[in-house]
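Right, one structure below, let's go through it.
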Amino acid sequence: MPTATRLGEKVFRGIPVSPGVCRASVLVLGNRKEEVPAFQLRDEEIPAQIERFEHALVTTRQQIGQIQKQVSAAMGAKDALIFEAHLLLLEDPTLMDETIRLIRDQKVNAEKAFHQVAQKYAETLAAIDDEYLRERAADMRDVCSRVLGNMLGWDYGPDFHQLTQPCIIISQDLTPSTTAQLDRTKILGFATDVGSKTSHTAILARSLEIPAVVGLSDISSQLITGQQVLLDGFNGLVILNPTDQTLFEYGHLVRRQLDLHQKLESVHDAAAITLDGRRIILSANIEQAQDTGSVQAAGAEGVGLFRTEFLYLNRDVLPSEEDQFQAYVQVASALKPQPVVIRTLDLGGDKFLSHLHLPKEMNPFLGWRAIRFCLQERDLFRIQLRAILRASVYGNVKMMYPMISGLDELQQANALVAECQEQLRRDNLPFNDHLEIGAMIEIPSAVLVADALANHVQFFSLGTNDLIQYTLAVDRLNERIAHLYEPTHPAIIKLIHQTVQAAQRHGLWTGLCGEMAGDPSLIPLLLGLGVDELSVACSLVPQTKYLIRRLRFSDTQELAQAAFTCESPSEILARSENLARKAAPCLFKD
Ligand code: PEP
Ligand code: MG
């Protein structure tokens, strides 16, 4: 539903998928719903229909190959890979066999048979509870229209060559192959009723740098060709008849955001290294295997925290060893040789499995959670450990345990890993003998015994989200005491510092994957405290890298020294933020 704001202005809200702002009159594309003819065949007509179908497949392959070449030349091999997926769909033997079977068994014409099979495929994909696979339904429909077009002589896609004025396209949906061929000088932006951030259409819009908003529900039936709109790809808005005041405000926003976007893009391929040469490993946190593309797009150096519990949530049965193995291999092989730190299961606290019927606890964050749960539910834990170990030969896999509170838990977990390795050897299944294992440091007791832990792991990863809650006795979910949740509390600073020092004494590296790592105000302090790796949400990678590259390590060390003797959390925060603001004022709003 659009909202009426200033006089005559209407705002439509959707999902921003490609940044930028543009203003033009709209070209509304109709929904092409051509009828697919259906008729019965006589026996002797069947071979000719199969031949027509096979001929259409060959022609479609040639056309897609052609588009792939154009896209590869104009936008690079990575974007052209999208069409590789289209070619694979075309070569899918089940799709071909099923169509031919229908033509033969039901004696229906080729286009009717193919349409029926392709629709079934697309509907199955669209119904899967997985955003990535759902979006592949759009690819299937794209390929299907092209094959049908070739059999029926339809024009494929709108012809933008006729356009004399630049415009913004409004449509129910845009196929990836139409999007890939958009001419940026004529199409300033587009907005669609359906779609999501991970659709190939959205990915292409970002590569083409065409501002785009999707998921606007029924915008294509609300607007008519020729109306004036402003499209805001930063915030996901389409504004019909923008007033002078709106245009004035957008002038400022566009300048600021484009400027920031360019600055962040300019460091995309660079390393996170301070002005005086201190190298920080900048990784990303992910929750599911499909996030891998975002890790690469963000310019991160691998994954510092893969929260595997999301593989277990939202389903009725536990994921099998094979399910997990597939997910870990997907991430590890896509990011190879960059590291992927897989965290073993951290269920409990605020993450429950309804079908496991775990007993309700008075203090779930202090209860049967993470490694404590896994060390009691050993069969479940072994399944995950075997999956991680098996995936370790497919890339640079590392593994870490959450919620380690002392040496005993760590040794028990390591013993289970050794047991699983032994089993895999017996089963003749390969794994990396030198897999690095780390302990998350997120309970104060772990910091106090860090020297002992260090003898049994290869790295530490500070989970400050929990470390803060357990040190300050502040429930991380309770809004009423949120003001007491202070990352710059002197106690937290000491604990981070002690962890880093213990790691250094034993030749280990220390990462930090709590939310602190992505807060620009705190990054100078964390650098000064000596952490080697920061792992942040994908969306925060570009600005974190930009900031690190503008800081001096020596300044951050001085800041940390000052923090050691300061009693006030707000003063430490102010000093750290001050350093960040001076280095990168554009990251702060005022
Ligand atoms: C943390 O505690 O800082 C952490 C990264 O783990 P989670 O947020 O998943 O508990
Ligand atoms: Mg934690």
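The values are calculated or read from the model by the stated rules, or taken from the named source; none is laboratory data. Owing to the predicted nature of the structure, the values given are computational and were not obtained by experimental measurement. Counting neighbours? That spans all protein chains shown, and the Cβs are built from the backbone with ideal geometry, glycine included. Ligands, DNA and RNA are stripped out before the accessible areas are found, and what is left, the full protein with its side chains, is counted by its heavy atoms. Shrake-Rupley method; radii C 1.70, N 1.55, O 1.52, S 1.80 Å.
Probe radius 1.4 Å, ligands and nucleic acids left out: which of TYR250, TYR312 has the largest accessible area, and how do the rest follow?
Details: TYR250 30, TYR312 5 Å².
Sorted descending by solvent-accessible area, the residues read TYR250, TYR312.
Protein heavy-atom surface of the chain, 1.4 angstrom probe: 51% of the accessible area is carbon and sulfur, with nucleic acids and ligands not counted.
Between the Cα long axis of helix 407-426 and the first principal axis of the chain there is an angle of about 50°, rounded to the nearest 10. Taken per residue, the accessible surface of the chain reaches 46 Å², heavy atoms only and a 1.4 Å probe. Lys/Arg Cβ at +1, Asp/Glu Cβ at -1, dipole of the chain taken about the Cα centre: which of GLN412, GLY20, ALA482 is farthest positive-ward? Going by the Cα projections, it comes out as GLY20.
If you keep only loop residues by DSSP, which trypsin sites (Lys or Arg not before Pro) in segment 487-590 have at most 12 other Cβ atoms within 10 Å of their Cβ?
Numbers: sites: LYS494, ARG505, LYS545, ARG549, ARG550, ARG552, ARG575, ARG581, LYS582, LYS589; in loops: ARG549, ARG550, ARG552, LYS589.
Hits after loop and neighbour filter: LYS589.
At a Förster distance of 51 Å, what's the computed FRET efficiency of LEU163 paired with ASP379, Cβ-Cβ distance as r, to 0.05?
On the way: r = 63 Å, r/R0 = 1.24.
According to the calculation, E is roughly 0.20.
Between ARG372 and ALA334, take the C-beta separation as r, use R0 = 35 Å, and let me know the FRET efficiency to the nearest 0.05. Write out the running numbers ahead of the final one.
Values: r = 32 Å, r/R0 = 0.92.
E between ARG372 and ALA334, to the nearest 0.05, is 0.65.
About its Cα centre, the chain has a charge dipole of approximately 1040 debye under the convention of +1 per Lys or Arg Cβ and -1 per Asp or Glu Cβ, with nothing else charged.
A viscosity of 1.306 mPa s and a temperature of 10 °C, combined with the Kirkwood radius over C-alpha pairs in the Stokes-Einstein formula, give the chain a diffusion coefficient of 59 µm²/s. Once the Cα atoms are used to define both axes, helix 321-335 deviates from the longest principal axis of the chain by about 90 degrees.
Taking 7 Å steps out from each Cα toward its Cβ at ALA48 and GLU479 produces label points 7.1 nm apart.
Taking 0.36 nm per residue of separation and subtracting the current Cα-Cα distance, fully stretching the chain between SER554 and HIS55 would add 172.9 nm. Cross-link pairs exceeding 27 Å between alpha carbons, from the set LYS263/LYS398; LYS398/LYS582; LYS120/LYS197; LYS69/LYS120: LYS263/LYS398; LYS398/LYS582; LYS69/LYS120.
Taking N as the residue count of segment 475-542, its C-alpha radius of gyration divided by 2.2 N^0.38 Å amounts to 1.20. Computed 3J(HN,Hα) for segment 377-390, one whole-Hz value per residue from the Karplus formula 6.51 cos²θ - 1.76 cosθ + 1.60 where θ = phi - 60°, is 8, 5, 5, 4, 5, 4, 4, 5, 4, 4, 5, 5, 4, 5, glycine and proline marked x. Per-residue surface analysis assigns ARG184 an accessible area of about 140 Å², computed on protein heavy atoms at 1.4 Å probe radius.
Considering only the chain, what is the antiparallel percent among its DSSP beta bridges, to the nearest 5? List each step's numbers first, then the result.
Values: 21 of 61 bridges.
Close to 35 percent.
Above 23 angstrom, tally the Cα pairs of segment 43-152 and express them as a % of all pairs, no decimals.
On the way: 1860 of 5995 pairs.
Summing the P(r) tail past 23 Å for segment 43-152 gives 31 percent.
The angle separating the long axis of helix 110-127 from the principal Cα axis of greatest extent in the chain is about 20 degrees.
If the chain linking GLU422 and LYS69 were pulled fully straight, counting 0.36 nm for each residue of separation and taking away their Cα-Cα distance, it would gain 122.2 nm. Note on HIS506/ARG101: beta-carbon distance plugged into 1/(1 + (r/R0)^6) with R0 of 60 Å gives a FRET efficiency of 0.40.
Multiplying the residue separation of ALA85 and HIS261 by 0.36 nm and subtracting their alpha-carbon distance yields 60.4 nm. Taking ASP43, ASP519 and ordering them by how much accessible surface each has at a 1.4 Å probe, largest first, produces ASP43, ASP519. Approximating the spin labels as points 7 Å out from Cα along Cα→Cβ, the ASN455-to-ILE224 distance works out to 8.2 nm. Label positions at THR243 and ALA491, each projected 7 Å from the Cα along the C-beta direction, are separated by 5.2 nm. The aspartates and glutamates within cross-link reach of LYS336, meaning a Cα-to-Cα straight distance under 13 Å and a gap of 8 or more places when in the same chain, are GLU301.
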